[in-house]
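The values are calculated or read from the model by the stated rules, or taken from the named source; none is laboratory data. Values in this document were obtained by computation on a predicted structure and should not be read as measured data. Here the Cβ positions follow ideal geometry from the backbone for every residue, glycine too, while neighbour counts run over all protein chains shown. The protein model used for the area step is the full one, side chains on, heavy atoms only, and it has no ligands, DNA or RNA in it. Shrake-Rupley method; radii C 1.70, N 1.55, O 1.52, S 1.80 Å.
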Amino acid sequence: MYVAAFHPHKNHLIAVDVIEKLLSQEPSLENNTKLYFRGHVKDVNYYNSVVGKVNSSAYKDNFVFVNYEPKATLEKIYDGSIVLNLSLYEGFGLPVIEGQSFGLPVI
């Protein structure tokens, strides 16, 4: 789960690279590995670049874009996920803290 609004400094593009590299090195993970992007589209051009990169990926089926739901509970957002955060900088890093509060692994 990658919980972050779509801004360039949130590094979604690097997350795509990481999953592609993981799956190319460990093909046995391909059928049970998905990266869910969940966040508000703040920068449309950047969001479109992430979607474009995913759509051109050999592993495009391993990426899921979850529509932003402003009323979703934290339990629903983080339900059983591993939290991935590769942001270049954070104001506070809420997804890391939120994920840890549910006892989830955070990368």
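Values for this structure:
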item	result
Which numbered condition residue 15 fails, given (1) open to solvent by 30 Å² or more (accessible area, probe 1.4 Å); (2) under 22 Å from residue 104 (Cα atoms); (3) touching a residue at least 24 places away in the same chain (Cβ under 8 Å)	(1)
Checking residue 86 against (1) in a helix (DSSP H, G or I); (2) closer than 15 Å to residue 107 by Cβ; (3) open to solvent by 40 Å² or more (accessible area, probe 1.4 Å), the condition it does not meet	(1)
Failed item, numbered, when residue 75 is tested on (1) surrounded by 12 or more Cβ atoms within 10 Å (Cβ to Cβ); (2) in contact (Cβ under 8 Å) with a residue 12 or more places away in the chain	(1)
Residue in the range 56-72 that is farthest from residue 38 (Cα to Cα), counting only those that are polar (S, T, N, Q) and crowded, with 16+ Cβ neighbours inside 10 Å	57
